[in-house]
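Presented below is the structure to which this report refers.
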Amino acid sequence: MHFIGASAAPERLHGDALWLVFQGGRILVSEDPTLPLFPVLANVGWLGLEEQVRQYLGRLGDQPVFAIAVHEAASPPQGYRFDDLRRLLGQADDIQFALAGRAFQVLEWERNHRFCGRCGTPTVSHAQGERSRVCPACGFSSYPRINPCVIVAVTRGEEILLARAQRFTRPMFSTLAGFVEAGESAEETLHREVLEEVGVTVRDLRYFGSQSWPFPNNLMLGFHAEYESGELLLQEDEIAEAAFFRYDALPPIPPAGSIAHALIQDFVVRCRAGS
Ligand SMILES: [Zn+2]
């Protein structure tokens, strides 16, 4: 089913809508596998949760989609639970995960922009329904902020460079990644990050694809690059371990649904086809 984003809600709802209900960073999901993962209802009030913020996201097929934030202390209604957004990876399909990520980011943006960052006045919603918080005193507008991040699969023939970051909570190895700094191109970020994190230079950058990553509001720009020169020298406060692994002897990697997984799989598939 196709999703079309919009910020101005329809004046009147006909039939059921899809509700992405958040309590902080956790989303309401059905415990019954025969029901839709997220509530589909004509009226979200039926869930009996105290609604604090509502944002319209757009339409999935002909179904309106809303993001709702509820009180931190609210208990889930019978048959539902609040689940960590990360746990949806592998459990939800790509569209569901993307919608949940979009909902989370829009709700967080609204929560974090209640006051003007320039003059401190309480902000209001945009008069024509654009997704911005507007300051009635100085006119400053705040839009949902997205942080671009470069993620790169560095390869050397049939080997791929994977690293275990200090911040990883499980024993897995992933591709290198880093935030784009103000004034940098994505390519400049890539060269800087690879050199900083593992001490090597790369060449032949090839754009792979991108993914919205709602932890908390990144846009991951995926690349492949070929190793050029240098010995592995790890940035110890960030990288616990890094090595080149042959495509048929990989360590545990990130779950399906992440662009890191897709980058690694793309490399493996190309190696298999070539051998
Ligand atoms: Zn202001």
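The values are calculated or read from the model by the stated rules, or taken from the named source; none is laboratory data. All figures in this text were calculated on a predicted structure; none of them were measured in a lab. Cβ placement follows ideal geometry from the backbone for every residue including glycine, while neighbour counts extend to all protein chains displayed.
Quick notes on this structure:
- One residue from L41, L85, L49, L28 being over 24 Å from P254 (Cβ atoms), touching a Lys or Arg at 6+ places or on another chain (Cβ under 9 Å) and not hydroxyl-bearing (S, T, Y): L28
- Those residues of the range 142-166 which are over 17 Å from D266 (Cα atoms), loosely packed, with under 15 Cβ neighbours inside 10 Å and free of Cβ contacts under 8 Å to residues at least 60 places away in the same chain, in sequence order: Y143
- Hey, L190 assigned by TED's automatic domain parsing to the domain that holds D266, under 12 Å from A153 (Cβ atoms) and not in a strand (DSSP E or B) or not: yes
- Filtered residues of the range 160-182 (kept if under 30 Å from V106 (Cα atoms) and assigned to a strand (DSSP E or B)): A165, S174, L176, A177, G178, F179
- Subset of the range 240-258 [part of a strand (DSSP E or B) and among the aliphatic types (A, V, I, L, M)]: A240, A242, A243
- If you go through the range 126-166 and keep only what is within 20 Å of S229 (Cβ to Cβ) and touching a Pro at 6+ places or on another chain (Cβ under 9 Å), you end up with just L162.
- Conditions (1) surrounded by fewer than 19 Cβ atoms within 10 Å (Cβ to Cβ); (2) not assigned by TED's automatic domain parsing to the domain that holds Q23; number of the one not met by C135: (1)
- In the range 69-88, the residue that is nearest to S30 (Cα to Cα) out of those that are touching a Leu at 6+ places or on another chain (Cβ under 7 Å) and among the hydrophobic types (A, V, I, L, M, F, W, C) is F82.
- Only residues that are surrounded by fewer than 20 Cβ atoms within 10 Å (Cβ to Cβ) and in contact (Cβ under 8 Å) with a residue 12 or more places away in the chain were counted across the range 248-261, and they come to 7.
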